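Notes for the one structure printed next.
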Amino acid sequence: MTDLKSLTPEELSAFCRGLGEPAFRGKQIFQWLSRGITDPDGMTNLSKGLRDKLRANCLITCPRIERKQVSALDGTIKYLWRLGDGNCVETVLMRYQHGNTVCISSQVGCRMGCAFCASTIGGKVRDLTASEMLDQVLFTQLDAGVPVSNIVLMGIGEPLDNFDTVLRFLTLVNHPDGMDIGMRHISLSTCGLVDKIDKLAGYRLQLTLSVSLHAPDNETRDRIMPVNRAYPVEELIEACRRYFDITGRRISYEYAMIDGVNDSDRQADLLAQRLKRAPGHVNLIPLNDVRESPLRPSRRTAEFQRRLQAHGVNVTVRRRLGGDIDASCGQLRRKRLEETAAEKERVKVHADIRDH
Ligand code: SAH
């Protein structure tokens, strides 16, 4: 089965020719898919014959809403989608003044092992397909009934660990015949895979690269982000520098404030010093409590921010959205997995009782 929604219009044209159909059908199909049509019979400008061939040869992905939570505080909506194979991933819709933003997942689980992150508990299950990433934008927009203008790749998974597929997703979502979301309205967040940052720079995309730095010193970063053992801070900062030189785009650095771990004056000073090599903007993130982790939110965010500002660093504190709906990375999927495990356990206990 061909996964239709993962194909570009050009690839769809080639696919149609392969079915003995004219090439212009490719663009028509792409346009229907971009509107959320999931049944070939809804593609009313196609011939009956082609619609039948599509049904026989193709898969059109369509995630189901497993759970939906709407924040009473700020209207943030969190979706837990059930994918074709039963796996679940999360998407968050946030309402900002500059437009509606969706935060999408790139993998089922994650293998990066960051100590503060719920997505990585249980490791990576699999990469998402380009269609599954596109569906998160498409069906969030359709379900919520609002236009989406911005995308951040900051959900479950490490986007640069699913590099080629993420690039394909970007091509699809940016395409003028499709959702047509501009690269400047897209942010991609990475934990710091240096080789992939260099590879991405080569494409010279106008998207915003966010780097999850979280500590300026190797001792701390090694402890909370295992990826640092492969790519230490100095190397990461140099990669950011090269990225900036090649693309002309400033880096956005993410820094989750963790009590007693990365919030000292010494670390603020070192961070400011590091960023002289690779200019960018620092986003201080209040740590979201993850039940499984002993790390707690810092109480020094304002001081840390002031200290960075005194060094001339451009720094903001991220506003918390959806605080009442487990809106941070991977939390909803964890909850669902735990409930499923608890449910299995209950069924097992019942069976044990019955058998005795
Ligand atoms: N793997 C990518 C993108 C997903 S995470 C990355 O590491 O950048 C998106 C952001 O949320 C990252 O900056 C991540 O470090 C941060 N994050 C994860 N868990 C968090 C938590 N409990 N509190 C605050 N930020 C968290």
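On a 0 to 90° scale, report how tilted helix 233-247 is relative to the longest principal axis of the chain, with both axes built from alpha carbons and the result rounded to the nearest 10.
In the chain, helix 233-247 runs at an angle near 50 degrees to the longest axis.
Quick check on the stretch 2-59: take the gyration tensor over C-alpha atoms, sort the square-rooted eigenvalues as a ≥ b ≥ c, and tell me if it's rounded (a/c under 1.5), prolate or oblate.
Note, shape of the stretch 2-59 comes out rounded.
Tell me which residues come under 5 Å, amide H to amide H, from Arg126 once H is placed; ignore anything under 5 positions away on its chain.
Close amide H contacts, sequence-distant or interchain: Val108.
May I ask you to compute the full-extension gain from Ile246 to Arg291, defined as 0.36 nm times their residue separation minus their alpha-carbon distance, rounded to one decimal in nm?
Difference between extended and current length: 12.1 nm.
Could you compute the FRET efficiency for Ala310 and Glu338, with r as their C-beta to C-beta distance and R0 at 45 Å, rounded to 0.05?
Efficiency at R0 = 45 Å is approximately 0.55.
Would you mind pulling out the separation of the Cα centroids of the stretch 254-333 and the stretch 13-45, in Å?
Between the Cα centre of the stretch 254-333 and that of the stretch 13-45, the gap is 46 Å.
Which of the trypsin sites (Lys or Arg not before Pro) found in the stretch 21-60 are in a DSSP loop and have at most 15 neighbouring Cβ atoms, other than their own, within 10 Å?
Loop-located and lightly packed - Arg35.
Quick check: the angle from helix 48-57's long axis to the longest principal axis of the chain, C-alpha only, nearest 10 degrees?
Approximately 50 degrees, to the nearest 10.
Which of the three applies to the chain, rounded, prolate or oblate, going by the alpha-carbon gyration tensor with a ≥ b ≥ c and a/c under 1.5 meaning rounded?
oblate
Under 10 Å, Cα contacts only: if you run a Gaussian network model on the chain, which one of Ile29, Ile246, Ile181 comes out with the highest mean-square fluctuation?
The residue that fluctuates most here is Ile246.
Please go through the stretch 211-314 and write out the trypsin sites (Lys or Arg not before Pro) that DSSP classes as loop and that have at most 12 other C-beta atoms within 10 Å.
The qualifying sites are Lys276, Arg277, Arg291, Arg299.
Can you give me the % of accessible surface on the stretch 109-206 that is carbon or sulfur? Probe 1.4 Å, all protein chains present, nothing else counted.
51 percent
Just the accessible area for Thr316, please: 1.4 Å probe, Å², rounded to the nearest 10?
About 60 Å², rounded to the nearest 10.
Quick check for the chain: number of Lys pairs with alpha-carbon distance under 22 Å, counting only pairs 8 or more apart or on different chains?
Close lysine pairs under the 22 Å cut-off: 14.
Shape verdict for the stretch 52-152, please, from the Cα gyration tensor: rounded (a/c under 1.5), prolate (a/b greater than b/c) or oblate.
Oblate is the answer for the stretch 52-152, as a/c is 1.5 or above yet b/c matches or exceeds a/b.
Of all accessible surface on the stretch 2-59 at a 1.4 Å probe, what whole percent is carbon and sulfur? Intermediate results must be reported in sequence, preceding the final value.
Values: 1460 of 2640 Å².
Roughly 55 percent of what the probe reaches on the stretch 2-59 is carbon or sulfur.
Could you report the stretch 173-324's accessible area per residue, 1.4 Å probe, as an integer in Å²?
45 Å²
Under a point spin-label approximation (7 Å from Cα along Cα-to-Cβ), what is the Gln31-Ala72 distance to one decimal in nm?
It is 4.5 nm.
For every helix of n ≥ 4 consecutive DSSP H residues, a contribution of -39,500 (n - 2.57) applies; sum these over the chain, divide by its total residues, and give [θ] at 222 nm rounded to the nearest 500 deg cm²/dmol.
Details: 12 runs with 137 residues, N = 356.
Theoretical 222 nm ellipticity from helices: -12000 deg cm²/dmol.
Convert each backbone phi in the stretch 282-291 into a coupling constant with the Karplus relation 6.51 cos²θ - 1.76 cosθ + 1.60 (shift: θ = phi - 60°), then list the ³J(HN,Hα) values in order as whole Hz, x for Gly and Pro.
9, 10, 7, 10, x, 4, 7, 5, 10, 3
Suppose each label sits 7 Å from its Cα in the direction of the beta carbon; what would the Thr171-Thr38 distance come out to in nanometres?
2.6 nm
The values are calculated or read from the model by the stated rules, or taken from the named source; none is laboratory data. Because the structure is predicted, anything quoted here is derived from the model rather than measured. Cβ coordinates were reconstructed from backbone atoms using ideal geometry, including for glycine residues, and neighbour counts include every protein chain displayed. Areas reflect the complete protein model, heavy atoms only, side chains present, ligands, DNA and RNA absent. Shrake-Rupley method; radii C 1.70, N 1.55, O 1.52, S 1.80 Å.
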